[in-house]
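Encoded as structure tokens, the structure appears first; notes follow it.
Read-outs: derived from the displayed coordinates by stated rules, not from any lab. What you see is a predicted model; the values in this text were computed from it and never measured. FYI the Cβ positions are ideal-geometry reconstructions off the backbone, even for glycines, and counts take in every protein chain you see.
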Amino acid sequence: MSKLTASLMAVTLFLLSASVWPQEPAEEMRVLEPGKRFEVGAGIHGTWEFTQRPQIGMVILKIQLFDDKGEKISPLTISGRSDMPSMAGHHDSGDVPLKLNKSRNYLLPVNVVMPGDWEIQLTFRDGERIVLRARILFDV
Ligand SMILES: [Cu+2]
């Protein structure tokens with residue numbers, strides 16, 4: 001192999017390994033602040049809110065994604081898993097896909113069965129690829 005071929009291959013491998021998505025260490029899952037936009041990466045940002053103040057019973061989490069022009073977009077799939085951190089596993093919903101409605105809102109019903117601290121772990125995917133893992137914390 002010529003020196004030129006070898007260096008071209010090295011450059012190609014470097015470019016292939018460089019991702020447009022930020023790396024998100026699983027053990028430091030980012031907390032998404034209420035009412036603030038969060039960066040997903042690759043020109044996508046999002047917001048989240050509950051459709052009403054969280055209370056005992058079914059609450060609906062709504063997530064919206066936007067491009068850098070502020071247009072609402074829906075290129076990703078999102079799943080969410082709710083539980084109480086102080087009672088880990090007791091109310092684990094399992095990983096549930098958010099439903100995309102006609103207004104391009106991603107919706108997740110969360111069954112809040114008791115008062116206390118709650119967490120929703122979110123996974124954002126582009127096809128099969130995980131592009132963001134993050135969590136939402138709230139108290140009821
Ligand atoms: Cu509990």
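Where does the charge balance sit around Gly43 when Lys and Arg score +1, Asp and Glu -1, over other residues with C-beta under 10 Å from its C-beta?
Values: positive: Lys69; negative: Glu39, Asp67, Asp68.
Value of the local net charge: -2.
Hey, fewest Cβ within 10 Å first, where do Ile136, Ile60 land in order?
On the way: Ile136 22, Ile60 14.
Least crowded to most crowded, the residues run Ile60, Ile136.
Net charge within 9 Å of Leu107 by Cβ-Cβ distance, Lys/Arg positive one each and Asp/Glu negative one each, not counting Leu107 itself?
Here the charged neighbours net out to +2.
Under 11 Å from the Cβ of Ser82, count the other residues' Cβ atoms, weight Lys and Arg +1, Asp and Glu -1, and hand me the total. It would help to have the intermediate numbers written out before the result.
Numbers: positive: Arg81, Arg135; negative: Asp83, Asp92, Asp95, Glu119.
Result for the neighbourhood of Ser82: -2.
How far apart, in nanometres, would the label points at Thr51 and His91 be if each is projected 7 angstrom from Cα along the Cα-to-Cβ direction?
For Thr51 paired with His91, the spin-label model returns 1.9 nm.
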